[in-house]
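**Q** Let me begin by handing over the structure; questions about it come next.
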Amino acid sequence: MIGLKTLLQIQDLHTYFYLRKGISKVVNGLQLSVREGELLGVVGESGSGKTVTAMSVVNRVRMPGKVVKGKVIYQGQDLLKLSEEELRKYRGKEIGLIAANARGNLNPLVKVGNQIANVYLAHNKVNKKEAWEKAVEMLRMVGMNDALRRAEAYPHEMSGGMAQRVMIALALVNSPNLLIADDATNGLDVTVQSQIMDLILDIVNKQGASGILITHDLGVVAQCCSEIAIMYCGQIVEKGPVTAFFDEPKHPYSRNLLNSLPERRITQERIELKGSLSSPLSLPTGCVYQTRCPYVMDVCRKVEPSMLHVDDNYNVKCHLYQEKTENRGSANEKLA
Amino acid sequence: MKRIILLISALILLLTVIITGCVKQSKTVSSEDINVDRDRTLIWTVPATPNGLDSEYHNSLQALEAQSNMYDSALRYPFKEDESGFLVPDYSKVESSLAESWELSKDGKTLTVHLRQGVKSHAGNELTADDFMYQWVDRAWGLNAMYKNFSADGLKLNDPEKQLKKIDKYTFSLTVDTPNPIAEPMMTHIFTHLMDSVDAKAYSTKSDPWATKYLSVNGSGHGPFKVTKYIPGQQVEFEAFNDYWDKKNKSWFQKVIMKEVPSSSNRVALLLSGTADAATSLTPNELQTLKGKPGVKVYSWSGNLIQRVEFNQEKPPFDNPKVRKALAYATPYKDILSSVYLGMAKQATSIIPSTYPGYTGEYWDYKTNFDKAKKLLKEAGYDKGFKTTLTINAGITQEQQIAILLKSSFKNIGVEIEIQELQTGDYYNNLVQHNMDGMFIFQDMPGVADGGFSTKLWAQHPSNINYGGYKNEEVNRLYKETTETLDVKKRNANFKRIQEIVVKEDPIWIYLTEPGYHIAMREDIKNPAWGTSQDIRWNMLSRERN
Amino acid sequence: MRIAKYLGKRLLTFIPLLIGVILVVFVLVRLLPGDPATRLAGNFAYGDTIAALRESMGLDKPIWQQFFIYLGNVLQGNLGESWFTNKPILDDLIVRFPATLELITLSILFSIAIGVPLGIVAAIKPKSIFSRISTGYGFFAGSIADFWFGLMLVFVFFTTLNWFPAPIGRLDLTITPPLQITGFLVIDSLLAGNWNALMNSIAHLALPVLTLGLINVAPIMKMTLSSMKEVMESDFINHAKVLGLSDKKVMRYALRNSLPSIVTILGVIYGSLLGGAVLVETVFGWGGLGQYVTQALVNKDYSAIQGFVLVATIFSLFIYLFVDLIYMIFDPRIKF
Ligand SMILES: Nc1ncnc2c1ncn2[C@@H]1O[C@H](COP(=O)(O)OP(=O)(O)O)[C@@H](O)[C@H]1O
Ligand SMILES: [Mg+2]
């Protein structure tokens, strides 16, 4: 199912926020790629830069933020080089984005049917009536019973789960090749969460699209995704196939993540770990995880580790594996 | 969409109900179709409409002008023409107006007036001695306002029932205890005008026995114009009175619209465009500009206004004449005349207007001289100077400029002044209640062309209009003598001595300017005639188109 | 029916509000410095006369007694008589209210026609030359005095060019006004079929409407700009862009969502113009309410001031009601 062709490749992405307090380096040097048909789970603590990354992919980082460096190559085209007008052909058409907080992201004064129809109209040469019919069809597809009546409703007349379904309909109405679901189930109650998750997976599978699933739920990732990426302070610190990851996570941070939850599931809104993320306003030189890492070495405080290829399709950004690649075995002893 | 339509129609319905309710309430104002001939209509722009038309209460400049054209008095001054073609009063002789004849008894105590017969009022009633008795006895003492406190007081009346007599239908007399030299000039004043008592009585009610409501906005006089519309804040309309008794002076204009145009630059614009025929109360700057403009003509006359700095003399430091004198020497007269008035005003030199009988300017000798001023201050014990306030009337723009000049000039002798600008209403409230502190700029006119009248109003003590509280026993005595003798020589000698005192020895004010009367009119308006209360007699005017 | 009930409820709340306003104004005017009896008495009446006048004006009674007498009269539709013109206040107001209303209504329509589009352009294209000019204009117009501006217009268009009639009110002095039906000269002359009066009244309206209109363009533009800006920064606009909606569509969303706050500010400005147009009324000799109340304030003509405040309050209440109704139309979240 997973092709070899890379659909999206993010290279050395840097997104900074220019604040009065200073420059907040929210994303710095992020590397990530998604192959066709692949479903990638991205996991990280709150504030690690997941949403900003997602926005950087569609080149819609809002002031005072700015993508300062890097490439977002989608099917061979660097999206960061395009004009707004050219980008419009990708946004909502090639790349569908489901955001958390449906309430804030839906226009409160426009009927949801019209909102969906507008997204359809923006990318298809159809008339209003056809677009409206498409919207109703989408609402049906995302599991609304009386879609016709729902289409006439305003967002405030819907429950959180219903509104989130509308968000999904908005993202999928143009059958995108890449779906980014950013915390799509955040704030919903557990049963609704799994319904929505199932819905997303179902649709992605049906449409044969690739997906980036940004989530807190390692269980979901274990179940649905083929690949997993762990994000920390605006960087991907570990990335590899899901099975390999859950067998033996490599990065000290990943281990910490898994260990902190005996049932290996994180269902809270936030992943709570001891210590806190380094402030993006003052990142340490060297490894970003040095402040919390129990295995911190001198080199970690001086040199930023590079993304090390430790196995097939498996990468870790940690000095411990620098040695390992040179001298396999010793690192595992240390970690044990 | 449905709710939008529903809402809007509900609201429109609501508004319609309210509006129709209002309209039903109002008496639908019908449009009278007066065919106005622009040529025979005089459009007279003023800064404000009269504050009312009842002279008992309403004495703004515009009120006086309206009253002067609506009402006549028993006597009047003939006009004489000055060099510019402006008709101004000839104060050397009094002539008959509503009175056909009059005589002062040998002892000078009784004035007998024979009214003209057959004089019709605006309401159509004949003028009789009853009109006089109503106004002077009943209404004046009933209201206790202007007639009693100004006119009757000027005539030395205090017991009207005894002193005033109706002799026959057209004759009345007025007798006082001492010879009455001021009786004749007083009877020319607009404040002694007569009105139709039959008409006034018709409008008196129990709560308003003197018909003040009616007379404030209407009224029936015997003058050349009757009022037809009075819209405060907008305009007052007058119509020429067809049965005016003085056939020779019947108005050429059929209609006069006294139009309120608050901004003086707009009055100028209206005049220049020909929309208006006259612009009153302009600034010196505007007058100077208009002088060169085609189609308009500016008329100027020294008039009878005197502008001065008054002092609260009941408190130090101004109880000391040396301090008053010192400030008079520290005043920049030349700057005021040139930079504030642009040469449109004259130096004031006496308490009597320079156009009045009895005037002399010989005692005014205050060239700006700081050394002299400092010396006087030192003698008065104020060698370090002092601080005080200068109150001005926001309604008169020049006062602000003068105040600034005074402030910087007085600094030279160590006198610091704080300028306090009051809105006209508040300014007069303070004035009338004798509440002014420190110094204040004031301008006023003595309405009666008699040498003693200025002293009566402003310098004798006590007087309601002696706002600064000036008190000089010699002035009091000299003045009293002039009111009790018909001896012209004696009176003139006293006037001279009074002027010597109030100008030179014990100065009452700092004499600033005689601002004069100025009016700009369309060039084709001929024959302007100025009355003593700063009014133009519209009945004398005509339009002459070539 | 819900609407009728809502309107009924709102109108009922007007009653206590109006009584409150009447009371406050009643007390406040009596706290103004200066005494109406002294003003009324002229320059030659002293102590006794003034006391007698005070008595006949009812000012010698205790203030609460005066208030109840006044309130009783108002409830019977009698607003009292002016002490200075001796005319019933209601008669004066009925003539002057339409004069001002005609002026300010046309002015605000003019301001809307210019200010709202300018604000929109400035919000959408903040960097274009056009929007810079209009922002500059907004700043300029906000800082100049309306009466000065009026005088300038008179100077240019009447004195110099003579394109417009003299600033002497609503009609030339030689034109007979049409029968008063609505009090709006434009409408009344239309009803009367009086073309002369119609054209003349329109010509007289031109400059004062231009003055007030251009002055009020500034606040309207600024409010449009700021509420548009606020909406443009909201999440749902961002999400609309993420979904690739066209600029036009996004602008439509933004405008739609800013309309409620724009309408509110329009209502506030319109309501304040009733008394706030006084300087322009003075320059153009309009004979409206503003001039009326200024005169009344100078004279301390209590009933006239109170009558004006009453009318102005009722007017504002209706405007706010109207604004609220419009708000409801635009915002489905607000219920009756
Ligand atoms: N508009 C903004 N201004 C300043 N900082 C921002 C802004 N948006 C996000 N950030 C910062 O970027 C960091 C990452 O945010 P985000 O991508 O939302 O985290 P996540 O989605 O992983 O929870 C946070 O530290 C946050 O403070
Ligand atoms: Mg997030």
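**Q** So C:Ile22 passes all but one of these: (1) touching a residue at least 24 places away in the same chain (Cβ under 8 Å); (2) not in a helix (DSSP H, G or I). Which condition number does it fail?
**A** Here C:Ile22 meets the rest and fails (2).
**Q** Can you find, within segment B:189-241, the residue that is nearest to C:Ser56 (Cα to Cα) among those that are open to solvent by 20 Å² or more (accessible area, probe 1.4 Å) and hydroxyl-bearing (Ser, Thr, Tyr)?
**A** B:Ser207
**Q** Could you tell me which of the residues A:Leu121, A:Leu97 is within 16 Å of ligand 1 (Cβ to nearest atom), closer than 26 Å to A:Asp202 by Cα and not polar (S, T, N, Q)?
**A** On inspection, the qualifying residue turns out to be A:Leu97.
**Q** Is it the case that some residue within segment A:158-180 is within 21 Å of A:Gln9 (Cα to Cα) and within 16 Å of ligand 1 (Cβ to nearest atom)?
**A** Yes - at least one qualifying residue is present in segment A:158-180.
**Q** In segment B:296-353, how many are among the acidic types (Asp, Glu) and touching a Phe, Trp or Tyr at 6+ places or on another chain (Cβ under 9 Å)?
**A** 2
**Q** How about segment B:95-121: which of its residues are farther than 20 Å from B:Glu484 by Cα and assigned to a loop (DSSP other than H, G, I, E, B)?
**A** The answer is B:Ser97, B:Leu98, B:Arg116, B:Gln117, B:Gly118, B:Val119, B:Ser121.
**Q** Can you confirm whether segment A:120-127 contains a residue that is more than 12 Å from chain C (Cβ to nearest Cβ) and of a type outside the set (D, E, K, R)?
**A** yes
**Q** For the subset of segment A:44-90 comprising residues that are more than 16 Å from ligand 1 (Cβ to nearest atom) and touching a residue at least 40 places away in the same chain (Cβ under 8 Å), which member is least open to solvent (accessible area, probe 1.4 Å)?
**A** Checked segment A:44-90; the qualifying residue least open to solvent (accessible area, probe 1.4 Å) is A:Tyr74.
**Q** Another question, then. Do you know which residues across segment B:290-338 are of a type in the set (Ser, Thr, Tyr) and open to solvent by less than 50 Å² (accessible area, probe 1.4 Å)?
**A** B:Tyr299, B:Ser300, B:Ser302, B:Tyr329, B:Thr331, B:Tyr333, listed by residue number.
**Q** Would you check if there is a residue in segment C:222-232 being under 30 Å from B:Gly233 (Cα atoms), surrounded by fewer than 23 Cβ atoms within 10 Å (Cβ to Cβ) and either within 14 Å of chain A (Cβ to nearest Cβ) or not aliphatic (A, V, I, L, M) (or both)?
**A** Taking every residue of segment C:222-232 in turn, none turns out to be under 30 Å from B:Gly233 (Cα atoms), surrounded by fewer than 23 Cβ atoms within 10 Å (Cβ to Cβ) and either within 14 Å of chain A (Cβ to nearest Cβ) or not aliphatic (A, V, I, L, M) (or both).
**Q** Further question: Hey, can you tell me all the residues within segment A:185-225 that are within 16 Å of ligand 2 (Cβ to nearest atom), closer than 25 Å to A:Arg60 by Cα and out of contact with any helix residue (DSSP H, G or I) (no Cβ under 8 Å at 6 or more places or on another chain)?
**A** Passing the criteria: A:Asn186, A:His216.
A quick yes/no check of all residues on (1) under 26 Å from C:Arg10 (Cα atoms); (2) within 8 Å of another protein chain (Cβ to nearest Cβ); (3) assigned to a helix (DSSP H, G or I):
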position	(1), (2), (3)
C:Phe236	no, yes, yes
C:Lys249	no, yes, yes
C:Arg252	no, no, yes
C:Leu266	yes, no, yes
C:Leu273	yes, no, yes
C:Leu279	no, no, yes
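**Q** Identify, from the list B:Tyr77, B:Tyr57, the residue that is within 15 Å of the chain's Cα centre (by Cα), in the same structural domain as B:Ala140 (by TED's automatic domain parsing) and among the aromatic types (Phe, Trp, Tyr).
**A** B:Tyr57
**Q** Which of the residues that make up segment A:17-43 are among the hydrophobic types (A, V, I, L, M, F, W, C) and within 15 Å of ligand 1 (Cβ to nearest atom)?
**A** Residues satisfying the conditions are A:Phe17, A:Leu19, A:Ile23, A:Val26, A:Val27, A:Leu30, A:Leu32, A:Val42, A:Val43.
Each row is one residue, and each column tells you yes or no for (1) touching a residue at least 40 places away in the same chain (Cβ under 8 Å); (2) more than 16 Å from ligand 2 (Cβ to nearest atom); (3) of a type in the set (Gly, Ala, Ser).
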position	(1), (2), (3)
A:Asn107	yes, yes, no
A:Lys111	yes, yes, no
A:Lys129	no, yes, no
A:Met141	yes, yes, no
A:Met162	no, yes, no
A:Ala169	yes, yes, yes
A:Leu172	yes, yes, no
A:Asp183	yes, no, no
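**Q** Answer with yes or no whether A:Gly187 is at pLDDT below 85, open to solvent by 10 Å² or more (accessible area, probe 1.4 Å) and within 16 Å of ligand 1 (Cβ to nearest atom).
**A** yes
**Q** Right, next: With the condition kept exactly as written, say whether any residue in segment B:345-355 is outside the structural domain of B:Val88 (by TED's automatic domain parsing), open to solvent by 60 Å² or more (accessible area, probe 1.4 Å) and at pLDDT 95 or above.
**A** The answer is yes; a qualifying residue exists.
**Q** Got at least one residue in segment B:507-517 being hydroxyl-bearing (Ser, Thr, Tyr), surrounded by 15 or more Cβ atoms within 10 Å (Cβ to Cβ) and in a loop (DSSP other than H, G, I, E, B)?
**A** Checking segment B:507-517: not a single residue is hydroxyl-bearing (Ser, Thr, Tyr), surrounded by 15 or more Cβ atoms within 10 Å (Cβ to Cβ) and in a loop (DSSP other than H, G, I, E, B).
**Q** Still on this structure: Output the number of residues of segment B:101-126 satisfying the condition of being acidic (Asp, Glu) and without any contact (Cβ under 8 Å) to a residue 24 or more places away in the chain.
**A** So the count comes out to 2.
**Q** Follow-up question, since we're still on this one. Can you tell me which condition A:Gly96 does not meet? The list is (1) within 16 Å of ligand 2 (Cβ to nearest atom); (2) open to solvent by less than 10 Å² (accessible area, probe 1.4 Å), and all the others hold.
**A** (1)
**Q** Can I ask one more? Using beta carbons and a limit of 8 Å, which pairs, at least six apart or on different chains, have the first residue in segment B:426-443 and within 11 Å of chain C (Cβ to nearest Cβ) and the second one acidic (Asp, Glu)?
**A** Partner pairs satisfying both residue conditions: B:Asn429/C:Asp35.
**Q** Something else now. Scanning for something assigned to a loop (DSSP other than H, G, I, E, B), at pLDDT below 85 and more than 30 Å from B:Asn144 (Cβ to Cβ), does segment C:1-19 turn up at least one residue?
**A** Yes - at least one qualifying residue is present in segment C:1-19.
**Q** Those residues that are part of a helix (DSSP H, G or I) and crowded, with 16+ Cβ neighbours inside 10 Å, I need them from segment A:300-322; list them, please.
**A** Result: A:Cys300, A:Leu320, A:Tyr321, A:Gln322.
**Q** Under the condition of being within 13 Å of chain B (Cβ to nearest Cβ) and surrounded by 21 or more Cβ atoms within 10 Å (Cβ to Cβ), which residue from segment C:296-306 is farthest from B:His58 (Cα to Cα)?
**A** Only one residue tops the list, namely C:Ala304.
The values are calculated or read from the model by the stated rules, or taken from the named source; none is laboratory data. Remember, it's a predicted structure, so these values are computed and weren't measured experimentally. A quick note on method: Cβ atoms are made from the backbone with ideal geometry, for glycine too, and the neighbour counts reach across all protein chains shown. SASA here: full protein model, heavy atoms, side chains in, ligands and nucleic acids out. Shrake-Rupley method; radii C 1.70, N 1.55, O 1.52, S 1.80 Å.
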